[in-house]
Amino acid sequence: MSKITVFAEFTNGKIKSGTLELLTAAKAAGAEISAIAVGPGAKAIAKDLGTYGAKKVFVCENETLKDYNSEVFGNLVSGLIKKSGSTIVLASGTMLARDLFPRVATKLNAGMIGDCTGLKLSGGSVSVQRPLYSGKCTANVDFQNCDTQIVLMRANQLPIGSPDASLITEIVEESAPAADLKTIVKQVVKGASTKLDLTEANVIVSGGRGMKGAEHFKLLQDLADVLGATVGASRAVVDAGWVPHAMQVGQTGKTVAPSLYIACGISGAIQHLAGMSSSKVIVAINKDPEAPIFKKATYGIVGDAFEILPLLTQEFKKILQ
Ligand SMILES: Cc1cc2nc3c(=O)[nH]c(=O)nc-3n(C[C@H](O)[C@H](O)[C@H](O)COP(=O)(O)OP(=O)(O)OC[C@H]3O[C@@H](n4cnc5c(N)ncnc54)[C@H](O)[C@@H]3O)c2cc1C
């Protein structure tokens, strides 16, 4: 039986959906699963990880883990992976994981493949799919000559199974190893947003230069509020200073894969498409019928976003509220 470790991420006592996707995939493959949960609140979610199939959960809540530090996390997580005996490690490709796992891979002399959109687990081996050249083609990739295989998956690519409260899990409490640190995180200043991060959002309403000014993003926010969506943006509007970089979708912004992506006044440049083209349903609103975004869109609305957005908000309100 193959041994798989899933690196668990969580916020406010809730396991992130990307982690649940990976637990579900590992369980479906019949693997012996362990999970690693580190940072404040890790103990509280350990049992929940068990209900999704983790037989053993390593938890660590040291004070040193309060704010993410790649050295501290790198030492701890690579040690726990060794302890688990797993040869396959799965993590959701969040900003944290993308920073952490190259370090972990170096420590374990492991292979690592990031930004995966497809995952096949059979026996002790993994094959993945990942987009290349800003999504113009997809590569099938296998590991070679490495004992440990680390996969970072994009969120919203795999189904999530139901929890099973009858599953028994062993919770192992660990402490972070002392280290001679080269960097110390003094303070993390978090944004005020209470909205779901773009990378986890199931519905995204995004605006581009066609929105003509920061003040008109209210139209996008109104629709997002009705749909329970998060607002995103193209780089053109981030560069113009209308919205912060955290809202940027695309090659140099965030990669998203929601069930529904509504692009308003966005032309569909290849660098934007690179960040959102694996969305399940894409709706484009653009007054130019020749805009490239329509080639990617599932549904296209040719027209003025300033007229269409309030109408959509009004109609969805009738259905959803
Ligand atoms: C190295 C590099 C990295 C990049 N990374 C990114 C990235 O991560 N993300 C990203 O988005 N871009 C990125 N870009 C920039 C990218 O090439 C485009 O310039 C950018 O995406 C254009 O943004 P836009 O679609 O908002 O603006 P435009 O291309 O100017 O498009 C505006 C659209 O709005 C439409 N419009 C105008 N008025 C209305 C209206 N009233 N109603 C409806 N539609 C209207 C227009 O028809 C037009 O199609 C990158 C570029 C480079 C070179």
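The values are calculated or read from the model by the stated rules, or taken from the named source; none is laboratory data. Note that the structure is a prediction, hence the values are computed from the model and not measured. Positions of Cβ are generated from backbone atoms using ideal geometry, with glycine treated the same way; all protein chains shown enter the neighbour counts. Heads up: the accessible areas ignore ligands, DNA and RNA and are worked out on the full protein's heavy atoms, side chains in. Shrake-Rupley method; radii C 1.70, N 1.55, O 1.52, S 1.80 Å.
Of the helices (runs of 4 or more DSSP H) contained entirely in segment 249-321, those carrying at least 1 residues that are hydroxyl-bearing (Ser, Thr, Tyr) and assigned by TED's automatic domain parsing to the domain that holds Val226 fall at 305-320. The set of residues from segment 124-141 being under 21 Å from Glu21 (Cβ atoms) and either of a type in the set (Lys, Arg) or open to solvent by 60 Å² or more (accessible area, probe 1.4 Å) (or both) comprises Gln129, Arg130, Thr138, Asn140. Residue selection: Thr230 fails the criterion of being within 27 Å of Cys137 (Cβ to Cβ), of a type in the set (Ser, Thr, Tyr), more than 7 Å from the ligand (Cβ to nearest atom) and buried (at least 18 other Cβ atoms within 10 Å of the Cβ). Count of segment 189-218 residues, restricted to those that are away from the ligand (no atom under 16 Å from the Cβ), over 17 Å from Val283 (Cα atoms), open to solvent by 70 Å² or more (accessible area, probe 1.4 Å) and of a type outside the set (Gly, Ala, Ser), is 5.
Kindly establish whether Tyr261 is in contact (Cβ under 8 Å) with a residue 12 or more places away in the chain, away from the ligand (no atom under 12 Å from the Cβ) and within 30 Å of Val189 (Cα to Cα). It is true that Tyr261 is in contact (Cβ under 8 Å) with a residue 12 or more places away in the chain, away from the ligand (no atom under 12 Å from the Cβ) and within 30 Å of Val189 (Cα to Cα).
Answer with yes or no whether Phe316 is modelled with pLDDT of 95 or more and either over 19 Å from Val203 (Cα atoms) or away from the ligand (no atom under 12 Å from the Cβ) (or both). In short, yes. Taken together, the criteria place Glu61 among residues that are touching a Gly at 6+ places or on another chain (Cβ under 9 Å), open to solvent by 10 Å² or more (accessible area, probe 1.4 Å) and closer than 18 Å to Lys83 by Cβ.
Among the residues of segment 233-266, the ones that are under 15 Å from Ala305 (Cα atoms) and either more than 21 Å from the chain's Cα centre (by Cα) or open to solvent by 20 Å² or more (accessible area, probe 1.4 Å) (or both) come to 3 in all. Those strands (runs of 3 or more DSSP E) of segment 124-195 in which 1 or more residues are of a type in the set (S, T, N, Q) occupy 125-132, 137-142, 149-153.
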